[in-house]
1. Restricting the stretch A:163-178 to residues that are near DNA strand D (Cβ under 9 Å from one of its atoms) and part of a helix (DSSP H, G or I), which is nearest to the other protein chains (Cβ to nearest Cβ)?
2. Test B:Val129 against the criterion of being more than 11 Å from DNA strand D (Cβ to nearest atom) and modelled with pLDDT of 95 or more, and give yes or no.
3. Is there a residue being closer than 25 Å to B:Tyr62 by Cα, within 16 Å of DNA strand C (Cβ to nearest atom) and small (Gly, Ala, Ser) anywhere in the stretch B:140-149?
4. Inside the stretch B:126-145, can you point out the residues that are in contact with a helix residue (DSSP H, G or I) (Cβ under 6 Å, 6 or more places away or on another chain) and within 18 Å of B:Phe79 (Cα to Cα)?
5. Within 16 Å of DNA strand D (Cβ to nearest atom) and surrounded by 19 or more Cβ atoms within 10 Å (Cβ to Cβ): does that describe B:Ser84?
6. When you check B:Ser92 against the structure, is it free of Cβ contacts under 8 Å to residues at least 40 places away in the same chain and buried (at least 21 other Cβ atoms within 10 Å of the Cβ), yes or no?
7. Taking the stretch B:150-191, which residues are more than 11 Å from DNA strand C (Cβ to nearest atom) and among the small types (Gly, Ala, Ser)?
8. Take the stretch A:96-113 and flag every residue that is surrounded by 15 or more Cβ atoms within 10 Å (Cβ to Cβ) and away from DNA strand D (no atom under 16 Å from the Cβ).
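The values are calculated or read from the model by the stated rules, or taken from the named source; none is laboratory data. Please read these numbers as outputs of a predicted model, since none were measured by experiment. Glycine gets a Cβ as well: all are built from the backbone with ideal geometry, and neighbour counts include every protein chain shown.
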Number of protein chains: 2
Amino acid sequence: MNNLVFKQALQQYFTPTSSEWEHIQDKLSFRSLAKDECLIEQGEVCRQLTFITQGMIRYCQYDYDNNEHTTCFAWENFFCAPFSSFIHSTPSFESLIALENTHLIEINKVDFFALVETIPGINLVYRKVLEAAYLLTEKHNYILQNYPAAERYQTLVMQDHPTLLQRVPLKYIASYLGINPETLSRVRRKI
Amino acid sequence: MNNLVFKQALQQYFTPTSSEWEHIQDKLSFRSLAKDECLIEQGEVCRQLTFITQGMIRYCQYDYDNNEHTTCFAWENFFCAPFSSFIHSTPSFESLIALENTHLIEINKVDFFALVETIPGINLVYRKVLEAAYLLTEKHNYILQNYPAAERYQTLVMQDHPTLLQRVPLKYIASYLGINPETLSRVRRKI
DNA sequence: TTCATTTGTTGACTTTTGTCAAGTGTGGTT
DNA sequence: AACCACACTTGACAAAAGTCAACAAATGAA
């Protein structure tokens with residue numbers, strides 16, 4: 001069941017042989033998070049790669065005044081991790097918190113990198129995941145640095161992810177746009 | 001000469017066999033940029049990976065009002081490219097412009113990915129380059145989004161890259177910090 | 001050296017966004 | 001139904017950074 005969702009996700013990139021799939025499946029474990037439960041806390045070192053089979057995760061960081069800032073949302077069929085922590089075993093910049101009750105597949109980091117080395121298809125998947133993560137944050141950051149509040153809303157929400165509005169409280173959307181809820185409220189009123 | 005610098009850079013990650021090195025060397029070409037010359041213009045699709053043997057490159061983007069924003073600096077011994085464009089063959093978000101007279105080694109994208117597929121060491125190097133690029137922009141963005149002007153200067157310049165001050169005009173540093181030159185000037189006066 | 005251009009600084013003012021406080025609305029619990 | 005917590009909105013005001021204009025300082029070319 002859950003495994004199948006995962007296999008389908010891999011098959012976007014390669015079709016594992018049955019022996020490869022055996023090896024992969026061996027390393028998977030399952031986990032659920034209740035709404036508001038933490039997958040990883042800021043400062044922790046990330047030790048596994050996570051794949052979301054159902055639900056939604058919010059990435060957030062804390063600034064010098066301990067205010068929370070949302071940097072990313074991830075949902076069904078995406079891999080999620082604080083990648084720099086996952087890659088370099090350094091403390092994570094961000095916390096990952098469930099926005100809804102969420103079902104996950106986890107692969108331990110050591111196991112995952114062993115698969116990357118031994119299964120070329122997994123190497124490819126890893127590259128694609130990194131590339132996609134890079135692209136997503138690049139755009140988010142480009143918009144946050146170069147556009148005022150109203151344009152951020154238009155681009156990052158209305159244009160790119162209008163469905164967020166149905167799933168995510170506005171206060172987190174405001175935080176994703178790098179503005180506060182009051183400002184978002186004023187932006188939305190003017191439209 | 002130039003090749004040697006490049007080989008040394010690779011050797012941080014792996015030691016190519018002499019036949020591997022032959023294949024790699026075959027694909028390298030050399031290029032120089034005068035100060036202010038453009039390596040890649042925003043909107044262009046990036047078709048090669050570049051390695052800097054001497055000099056310095058500035059990455060910059062243009063916002064909705066066509067104001068320029070510096071997002072990154074790269075110098076000797078670093079690979080540089082607008083990675084999302086390089087990876088996905090999409091128009092580059094940013095222009096790459098020489099800050100000084102600069103010497104480069106280039107590898108055509110198709111050749112490079114062929115090397116990634118055939119030489120495991122190059123695959124590793126590519127992963128490391130991507131990971132490093134990801135980490136660098138992640139920190140830059142984290143600071144820009146979460147800290148006010150004075151703290152951005154302290155962290156990104158004084159702490160991380162104080163040598164920038166000797167090589168880069170303040171107006172570009174201001175732009176890298178997401179503030180204007182007047183604000184930077186005021187920040188520096190207060191210290 | 002001199003002159004012109006670019007770079008950097010400063011002050012006065014404006015704009016944008018944030019902060020604080022009060023209020024409305026909604027959903028869930030008892 | 002009544003209450004509570006939470007999400008969201010609104011207004012008045014404050015703070016941070018941007019804009020514009022003037023000028024100073026450094027750099028480079030003639």
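1. So the residue we want is A:Ala174.
2. It is false that B:Val129 is more than 11 Å from DNA strand D (Cβ to nearest atom) and modelled with pLDDT of 95 or more.
3. Yes, the stretch B:140-149 contains at least one residue that is closer than 25 Å to B:Tyr62 by Cα, within 16 Å of DNA strand C (Cβ to nearest atom) and small (Gly, Ala, Ser).
4. B:Tyr126, B:Leu130, B:Glu131, B:Ala133, B:Tyr134, B:Leu135, B:Glu138
5. Spelling it out, it is not the case that B:Ser84 is within 16 Å of DNA strand D (Cβ to nearest atom) and surrounded by 19 or more Cβ atoms within 10 Å (Cβ to Cβ).
6. On the way: free of Cβ contacts under 8 Å to residues at least 40 places away in the same chain: no; buried (at least 21 other Cβ atoms within 10 Å of the Cβ): yes.
For B:Ser92, the condition - free of Cβ contacts under 8 Å to residues at least 40 places away in the same chain and buried (at least 21 other Cβ atoms within 10 Å of the Cβ) - is not met.
7. Those that are more than 11 Å from DNA strand C (Cβ to nearest atom) and among the small types (Gly, Ala, Ser): B:Ala150, B:Gly178.
8. Within the stretch A:96-113, A:Leu96, A:Thr102, A:His103, A:Leu104, A:Ile105, A:Glu106, A:Ile107, A:Lys109, A:Asp111, A:Phe112, A:Phe113 qualify.
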